[in-house]
Structure formats: C-alpha cells, structure tokens
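Below is one structure, written out as structure tokens, with a few remarks after it.
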Amino acid sequence: TMALLVLENFIGGKFVPCSSYIDSYNPSTGDVYCRVPDSGKEEVEAAVKAAKDAFPIWSSKSPLERSQILNKLADLIEHDLEEFAQAESKDQGKTITFARMVDIPRAVYNFRFFASSILHHTTECTEMATMGCVHYTSRTPVGVAGLISPWNLPLYLLTWKIAPAIACGNTVVAKPSEMTSVTAWMMCKLLEKAGVPHGVVNVVFGTGAKAGEALVCHPDVPLISFTGSTLTAQRITEKSAPHCKRLSLELGGKNPAIIFDDADLTQCIPTTLRSSFANQGEICLCTSRIFVQRGIYSEFLKRFVAEAKKWKVGNPLDPTVDVGALISKEHLEKVRSYVKKAQAEGARVLCGEGVDSLTLPTGNQKGYFMLPTVIAEVKDESCCMQEEIFGPVTCVVAFDTEEEVIERANSVKYGLAATVWSSNVGRVHRVAQRLQSGLVWTNCWLVRDLNLPFGGMKASGIGREGAKDSYEFFTEVKTITIKH
C-alpha cells in the first residue's frame, strides 16, 4: 500500500506538525488515504497570533501591491491545475471532469477576480455648503478573518473567502473541512512563491467541534465567514454573540425548479439534470424540488428519467464518468434514508436507488456511490420536500397555476436559489419577483457573475458575497467630517 499523505498546519509561513491526527478517506475506494491534523485551541491560538503579527504590514500595502500578489498566486495554481484537479477528485469523490472544468479554474478565477475588483472601489463624499462641511467615507481592513469552508467544493469555496479577505488587507486563519483538506494544504505550498508575506494566510486543519469552535470563540478574530449547514451556523451565531462578531453565513438550500408548459424542454431537460445531479447533488445550489405544470408533467417525467438513467456512475478519475462518489459512508446512508422514507410514504422512485442496479469497477466496490434518483408523487410536507438531502436525489411533482406554484416553492425554510423555465417573459419576471430566493435563474442554471450578490434568504443564510458585498463585509467603514 502507498504511504499515507500526512498534512500539517500552515502557521506564520511554516508547516507545523500536530500532536494528533484524523483519518481522511478516499470516498471512491473507502480506504484511508490521508491524515489530517486534529487541531484545537493551541494551534488556533498560534495561527491567530501569526495573523495578528502580519496585519500591520499587509494592511498598509497598497491595493495594487496586494493585487499583484493575488494574480501571482492565481498563476501558480493554474500552472498546477491538473495536479490540483486530481487531488480534489481523489479527496472529495467528485469526477475528475468536474474538478478540471469547475473547481480548480474557479479557484484560480476567485483570486484574479478580487485582484481586479480591489482596484475599482470608490468611497462616498457629500458636501454641506451651508455648514462649511465636507463628509467622506474611508474603508479599512477589519483584522484577522476566520474562514470556515465546507467539503463539497473544497478549494473553490475556500478561495472564494481567502481572496476577498486578503485583497481588502485582512489577514486570515482558515479552517477547511477535515474531510477535504488536501488542496488547501497544496495551496499553502505556493504562498511564499507568490509573495504572500508570512502570517497573512494561515491554515489550521481539524474538526468544526474543536478547531472551528476555537476559531469562532477567539476574542482576536472579529469576523467569521462560514459556508456549511444551518445547524452549525446556529452554533457559530451563539458562540460569537458574546464577542459581537461580524458574520457572513452561506447555508443550505432546498431549491425549486419551476417548469411551465411553455418551457423549451430541449434546453430544460439537460440543464435540470445538471442542476439536480452535478457534483453528486452536493452543491448548495442544486435543484431538489422540480415543479412541472400538469400539461407537460408526464412527458417531462418520461424524458427526464430516461436521461437520468444514462448518467454513468463510477471511478471519479475516469473521464467518461458523470457521477462520482459521495463524501462519506455516513453521508451516503443519510441520503439513502431519505429515499427509503419517500417510499414508506407512498411516493414512487422512478429510477436510481433501490430500483436500478449499480455496477462498479473492481477497485471501487467499497466506495460511497449512488445512482441518480428521481422520486415522483411526493407530498409537499414530506421531509424529502422540506429538508436538504444534498445528494443525487430530486423530487418531481405536478402543479396547475402560477399562483399555486409560487406559494408551494416558498413553503420551505430555505431560500437560496430557484430556477424558472418558461418562454413567457412577463411570467418569468413576475415569478422571479415573488420567489423568496437570493438567486433566481431563468432558462439556465449556475451562470454566475461574481460582481453580483450571492447568498440566501431565510434559513439559507445571512449576508451576501460578491465584488461590492465582499468588500463591504471585509472592511470597516468610517465617516469623516471636516469643517473648513
């Protein structure tokens, strides 16, 4: 057997061994392949100290100087794109194709985007001629930013936080998910070469309960940016309340697709398959409730199921595979349990889990795989229609009127993303206006402009991320009045 990869924390520009470690699994084989530091208070303390020490120098650099360093880091990651993609696929279970096309290019782009946007912010100024006063605002970095990122898009979502945080002049202590830490560790190896001063980016590996908690509770970390579950976010909110920390929380979704009978099904079906099953359905923006107008319901279902059955499940490193492995054994069991609940409630499972047989390559028999699963005739109040499943499972139900479907789409606690399919422009605008959702895509899915706000309503989170929004979150604003 190959020697296990052993990761180390990155603190103050150096790799530091840890006294205890956690096993990390390769989801496509079920084997332990990596050991991740099991950090706690001490490690976080050291990282925060390093970040605090680095803050005066980093925050006094000009935006242009920081921009050049971010661009250099982007170039270095891009140079190693294939190596990063292989590592992400192996560590997370996602297909090599998805890692190559989506995860790593987006991580590179995150640095380039904020390297550019930081150069284009302006502050406000007003005059009060009668008082002989001028007012203007100034924005300064906040300090040490605590960044906690999830396991579904590991480097993609970590860099979506690191890039704006350091572009604005903050220093950071980041904690990636203990299940997917490898690409963060690989990135640390490039920081010095990119010209990132020691202590500006510190990465502490470990669990949320230990390392995450120590970071959230640290009095010298004034702001926390978190992407993950609503449950964890509640704990972060409670723990950070005594310190009055500034929070940005991007949480789950139970995202509807609303398909009207005038939808172009040649576009709608392939895109809705992607929005349901891309990255094994492990994206907070995935569609898990599909509402189809009754006139096209049976035709949509027939075509959608036929296409879903064509998606190939198998070894993520095989470029012809469409669906990789789920993140962990526990997560696979949880996703399967929802399908069992739906069956017990009398819903129909049309393809996938428990209906079709899954054949896997020899080396992947113990991996955490599941077929794309389509469930019909689920009641709106079922947990399968209310809770985030976060796997390759989607529920399809019929509706009659526009009014009815808006009410049903809004009847969950989440409000992250929605998709609307219709060729009637008036209807598209009307429905988009009334959906309780931070993002609405019409006749497309996951088309992102990083300039614009990203985030959710209701239990899907607090705050927004994007050029202007991230800048506002990662800086303090001051109003200055001068009488002349």
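Using the structure shown, decide if residue 115 is part of a strand (DSSP E or B) and crowded, with 22+ Cβ neighbours inside 10 Å. Working first, answer last.
Values: part of a strand (DSSP E or B): no; crowded, with 22+ Cβ neighbours inside 10 Å: yes.
Considered against the rule, which asks whether it is part of a strand (DSSP E or B) and crowded, with 22+ Cβ neighbours inside 10 Å, residue 115 comes out as no.
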Take the residues in segment 227-264 that are surrounded by fewer than 16 Cβ atoms within 10 Å (Cβ to Cβ) and of a type in the set (A, V, I, L, M); name whichever of them is farthest from residue 397 (Cα to Cα). 241
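Quick grid of which residues meet (1) of a type outside the set (Val, Ile, Thr); (2) in contact with an Asp or Glu (Cβ under 8 Å, 6 or more places away or on another chain):
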| residue | (1), (2) |
| --- | --- |
| 195 | yes, no |
| 201 | no, no |
| 205 | yes, yes |
| 214 | yes, yes |
| 221 | no, no |
| 226 | yes, yes |
| 234 | yes, no |
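Residue by residue, here is whether (1) surrounded by fewer than 24 Cβ atoms within 10 Å (Cβ to Cβ); (2) within 16 Å of the chain's Cα centre (by Cα) holds:
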site: 138; (1), (2): yes, no
site: 151; (1), (2): yes, yes
site: 158; (1), (2): no, yes
site: 173; (1), (2): no, no
Here the residues within segment 130-162 that are of a type outside the set (A, V, I, L, M, F, W, C), part of a strand (DSSP E or B) and more than 24 Å from residue 62 (Cβ to Cβ) are 135, 146
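So, in segment 432-443, exactly how many residues are surrounded by 14 or more Cβ atoms within 10 Å (Cβ to Cβ) and either in contact with a Gly (Cβ under 7 Å, 6 or more places away or on another chain) or under 18 Å from residue 458 (Cα atoms) (or both)?
8
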List pairs: first residue in segment 393-415 and surrounded by fewer than 16 Cβ atoms within 10 Å (Cβ to Cβ), second residue modelled with pLDDT of 95 or more anywhere in the structure, Cβ distance under 6 angstrom, at least six positions apart or on different chains. 400/294; 413/458; 413/459
Checking the condition over 22 Å from residue 27 (Cα atoms) and open to solvent by less than 50 Å² (accessible area, probe 1.4 Å), which residue from 376, 344 passes? 376
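Quick check on residue 202: is it open to solvent by less than 10 Å² (accessible area, probe 1.4 Å), closer than 26 Å to residue 104 by Cα, at pLDDT 95 or above and part of a loop (DSSP other than H, G, I, E, B)?
No.
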Do the conditions hold for residue 128, that is, is it in the same structural domain as residue 27 (by the TED database), open to solvent by 10 Å² or more (accessible area, probe 1.4 Å) and over 24 Å from the mean Cα position of the chain (by Cα)? yes
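Can you tell me which residue is nearest to the chain's Cα centre (by Cα) among those in segment 180-197 that are in a loop (DSSP other than H, G, I, E, B) and surrounded by fewer than 24 Cβ atoms within 10 Å (Cβ to Cβ)?
Pass one, segment 180-197, residues in a loop (DSSP other than H, G, I, E, B): 180-181, 195-197.
Restricting the remaining residues to those that are surrounded by fewer than 24 Cβ atoms within 10 Å (Cβ to Cβ) gives 195-197.
Numbers: 195: 27, 196: 24, 197: 27 Å.
That would be 196.
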Give the number of residues within segment 265-302 that are in contact (Cβ under 8 Å) with a residue 60 or more places away in the chain and surrounded by fewer than 18 Cβ atoms within 10 Å (Cβ to Cβ). 3
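Give the residues of segment 379-392 that are open to solvent by 10 Å² or more (accessible area, probe 1.4 Å) and not in a helix (DSSP H, G or I), sorted by residue number.
Kept after step one, since they are open to solvent by 10 Å² or more (accessible area, probe 1.4 Å), are these residues of segment 379-392: 379-381, 383, 386-388, 390.
Hits for segment 379-392 are 379, 380, 381, 387, 388, 390.
For residues that are in contact with a Phe, Trp or Tyr (Cβ under 9 Å, 6 or more places away or on another chain) and more than 14 Å from residue 318 (Cα to Cα), scanning just segment 356-372, find the one that is most open to solvent (accessible area, probe 1.4 Å).
To start, the set of residues in segment 356-372 that are in contact with a Phe, Trp or Tyr (Cβ under 9 Å, 6 or more places away or on another chain) comprises 358, 360, 368, 371-372.
Add one more test, that the residue is more than 14 Å from residue 318 (Cα to Cα), and what stays is 358, 368, 371-372.
Details: 358: 60, 368: 19, 371: 29, 372: 5 Å².
Filtering first and then ranking leaves 358.
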Mind checking whether some residue in segment 51-59 is modelled with pLDDT of 95 or more, surrounded by 24 or more Cβ atoms within 10 Å (Cβ to Cβ) and more than 19 Å from residue 472 (Cα to Cα)? yes
Residue 21, sole failed condition from (1) under 27 Å from residue 58 (Cα atoms); (2) open to solvent by less than 70 Å² (accessible area, probe 1.4 Å); (3) not acidic (Asp, Glu): (1)
Given the conditions (1) closer than 20 Å to residue 283 by Cβ; (2) in a helix (DSSP H, G or I); (3) among the hydroxyl-bearing types (Ser, Thr, Tyr), and given that residue 419 satisfies all but one, which numbered condition is not satisfied? (2)
Give the number of residues within segment 319-354 that are free of Cβ contacts under 8 Å to residues at least 12 places away in the same chain and touching a helix residue (DSSP H, G or I) at 6+ places or on another chain (Cβ under 9 Å). 1
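Within segment 312-322, is there a residue that is in contact with a Lys or Arg (Cβ under 8 Å, 6 or more places away or on another chain), assigned to a loop (DSSP other than H, G, I, E, B) and open to solvent by less than 50 Å² (accessible area, probe 1.4 Å)? Reasoning before the result, please.
Looking only at segment 312-322, we keep the residues that are in contact with a Lys or Arg (Cβ under 8 Å, 6 or more places away or on another chain), and these are 316-317, 320-322.
Add one more test, that the residue is assigned to a loop (DSSP other than H, G, I, E, B), and what stays is 316-317, 320-322.
If we keep only those that are open to solvent by less than 50 Å² (accessible area, probe 1.4 Å) as well, we get 316, 321.
Yes: segment 312-322 contains one or more residues that are in contact with a Lys or Arg (Cβ under 8 Å, 6 or more places away or on another chain), assigned to a loop (DSSP other than H, G, I, E, B) and open to solvent by less than 50 Å² (accessible area, probe 1.4 Å).
Determine whether segment 359-373 contains at least one residue that is part of a loop (DSSP other than H, G, I, E, B) and either closer than 30 Å to residue 407 by Cβ or among the small types (Gly, Ala, Ser) (or both). Full working, then the answer.
At the first step, the residues of segment 359-373 found to be part of a loop (DSSP other than H, G, I, E, B) are 359-361, 365-372.
Filter once more, keeping what is either closer than 30 Å to residue 407 by Cβ or among the small types (Gly, Ala, Ser) (or both): 367, 372.
Yes, segment 359-373 contains a residue that is part of a loop (DSSP other than H, G, I, E, B) and either closer than 30 Å to residue 407 by Cβ or among the small types (Gly, Ala, Ser) (or both).
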Inside segment 319-348, can you point out the residues that are of a type in the set (A, V, I, L, M) and farther than 18 Å from residue 309 by Cβ? 325, 326, 327, 332, 335, 342, 344, 347
Residue selected from segment 42-74 under the condition touching a residue at least 12 places away in the same chain (Cβ under 8 Å) and of a type in the set (Asp, Glu), by the criterion nearest to residue 29 (Cα to Cα): 43
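The values are calculated or read from the model by the stated rules, or taken from the named source; none is laboratory data. Just so you know, these numbers come straight off a predicted model, no measurement behind them. A quick note on method: Cβ atoms are made from the backbone with ideal geometry, for glycine too, and the neighbour counts reach across all protein chains shown. For accessibility, only protein heavy atoms count, side chains too; no ligands or nucleic acids. Shrake-Rupley method; radii C 1.70, N 1.55, O 1.52, S 1.80 Å.
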